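Since every read-out is calculated from the coordinates, none of them should be taken as a lab result. Keep in mind that this is a model prediction, so the values were computed, not measured. So basically every Cβ, Gly included, is an ideal-geometry build from the backbone, and we count neighbours across all protein chains shown.
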Amino acid sequence: MRNVIPVLTVVLAIVVLWYGASVQLNKQWALDQAARQDRVLSTAELVADTWSQAKPKLPAPHQVAVELWETVAQKAVTSKRSLVYHAWVTLSATLLGFALGTAFGFLLALGIVYLRVMDMSVMPWVIASQTIPILAVAPMIIVVLNAVGVSGLLPKAMISMYLSFFPVVVGMVKGLRSPSTMQLDQMRTWSATRRQEFLRLRLPSSLPYLFASLKIAMAASLVGAIVGELPTGAVAGLGARLLAGSYYGQTVQIWSALIMAAAVAAAAVGLIGVIQRVTLKRMGLN
Amino acid sequence: MTDPKPEIARHPVIEASGLNLTFDTNDGPVHALRDVNLKVDKGDFVSFIGPSGCGKTTFLRVMADLEQPTSGSVLVNGVTPEVARKARAYGYVFQAAGLYPWRTIGGNIRLPLEIMGYDKAAQAERVRKVLELVELSGFEKKYPWQLSGGMQQRASIARALAFEADILLMDEPFGALDEIVRDHLNEQLLALWARTQKTICFVTHSIPEAVFLSTKIVVMSPRPGRITDVIESPLPKERPLEIRDTPEFLEIAHRVREGLREGHAYD
């Protein structure tokens, strides 16, 4: 609870800056409008106008809040106008991609830790895969998968997976190698099999690393799903809302979609954090 | 005539002959062990003492099949260390207790038993028995962090005893503990040794500890790692802590110290 005051202070500072910035950014349009009508705006009128434009460069916080309220609370969640509906479309692809990416990353890490050939060869490719801009790859993945008859959720999930397997590989390789020489020697004195060593020592030891990786993977996965919606003219999802908003200059819609995406990411990462705390505490690892 | 048991009993428990071990490092070869010859008989309590780099831990690790000798041979119970390891001939106690924080004390002691495929009833029985042996009965359900360092090390000894190996290899098990706890654990270890009739190989760099515990003290020196003296202790098997003030004790301690000084190059 002692975090409340600092957090609120920061939030307040952001809101103040935000209001200030929207005055600065929207001022020109308001002044131009007034000049065209041969009116002179008082400072109060100018400020009021910059905070209530229909298509502002930077919408004021309360405009975004109103939009969020209307699209989250006042629409049925099945409606295409509901932000909850769009968030769910993106979240479902995120979760599927996250699951696939975690599984793939885990398998790669296993291979790297246990197979010398993979240890020597795989990591550079894994790193190279992440240096390619995802915006360039995403359309190709979607087009190729479409050509073989796969569309809808899976192509987006594939892009999520592409981004989310990376932190899992890196974290799990480190985690599975975290037992000390002494612990590994100890297993050897008991003539433990590789399987027993893995299940009883390496896997439990790797969990702190796994959780740290999962948090990054979840955030990356959401970015992947949104990026997957951008270049394809998707009709649903937070990415589609962003795209539609930018087509029609609906900055309020863009900002509310962004805030929704941030909230979804915070909730998902927060959930992993809770599971992490409970699990590691029970295991005596924190 | 064909009874194999007397045949086995004739073997020393540990028999090293002409043992050499060289590590190849970036700074050139390091002679960890040179021409080591040693016999350890059943029921012996052997201490290996020497400054760091004298190869005492390496020798213990060779017995445990954790290092491979460059030349020469070691037999454990008359077979190679690898065969002995697979036959679960020894329990190894490391410098750190190395208990798994996610397992209870009982769970930690059960770990080797699970790996070795004991059934549940046998596991429970043995856990109970060894906990009693190290005077930790009642701590089975506790987690390692709830125990003091000395108690954790006792639990790790219990773990090494759980599968009833005849040999106990101990690598500076009390090195990280304070003097008072150490004295107490030394007494307990002697009592345990008397009760279980195990053969114990014990690495230490404390002279009083080595003299107090051992029937045989192996003095080693570094560069190259080698044995400089083997002292058969004349002290009786019953050893109260006060024995450390007797002339016999001090005489052996003096001989160990001399042995260490001779072997040491002071460079």
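The distance linking the stretch A:1-71 with the stretch B:163-236 is 78 Å (Cα centroid to Cα centroid, whole angstrom).
Here the scattering of the stretch B:13-136 is modelled by Debye summation over its C-alpha atoms, one equal scatterer each and no solvent; at q = 0.12, 0.14, 0.17 Å⁻¹ the log10 of I(q)/I(0) is -0.60, -0.77, -1.00. Go ahead and collect, in residue order, the members of the stretch A:52-79 whose backbone nitrogen is under 18 Å from a label point 7 Å along the Cα-Cβ direction of A:W18. Under 18 Å, as judged by backbone N against the label point of A:W18, lie A:52-73 of the stretch A:52-79. Which of the aspartates and glutamates could a cross-linker span from A:K57 if the Cα-Cα distance has to be under 19 Å and same-chain partners fewer than 8 positions apart are dropped? Reachable aspartates and glutamates: A:D32, A:E45, A:D49, A:E67. In terms of distances greater than 24 angstrom between alpha carbons, the cross-link table entries A:K281/B:K86; B:K42/B:K237; A:K55/A:K80; A:K55/A:K215; A:K80/A:K156 yield A:K281/B:K86; A:K55/A:K215. List the aspartates and glutamates whose alpha-carbon lies under 18 Å from that of B:K39, not counting same-chain residues fewer than 8 positions away? Cα-Cα hits under 18 Å: B:E7, B:E15, B:D65, B:D166, B:D229, B:E232.
Hydrodynamic estimate: the Kirkwood radius of chain B over Cα pairs, inserted into Stokes-Einstein at 25 °C and 0.890 mPa s, corresponds to D of 127 µm²/s. Normalised by the number of residues in chain A, the mean separation of alpha-carbon contacts (under 8 Å, six or more apart) gives a relative contact order of 22 percent. When the inverse distances between all different Cα atoms of the stretch A:83-283 are averaged and flipped, the Kirkwood radius reads 18.3 angstrom.
So for the protein assembly as shown, what percent of the C-alpha to C-alpha distances run longer than 33 Å? So the pairs more than 33 Å apart make up 60 percent of the total in the protein assembly as shown. Peptide A:187-199 has a mean shielding of 4, counted as Cβ atoms of other protein chains within 10 Å of each residue's Cβ.
Globularity index of the stretch A:124-167 is 1.18 (Cα radius of gyration / 2.2 N^0.38 Å, N = number of residues). Distance between the modelled labels on A:V7 and A:Y248, one decimal in nanometres: 3.5 nm (7 Å Cα→Cβ projection). Peptide packing for B:21-28, A:27-34 was compared via the average number of neighbouring C-beta atoms within 10 Å per residue; ordered from the highest value, the list is A:27-34, B:21-28.
Working ranking of peptides B:64-74, A:75-85 by packing, defined as the average number of other Cβ atoms within 10 Å per residue, highest first, is B:64-74, A:75-85.
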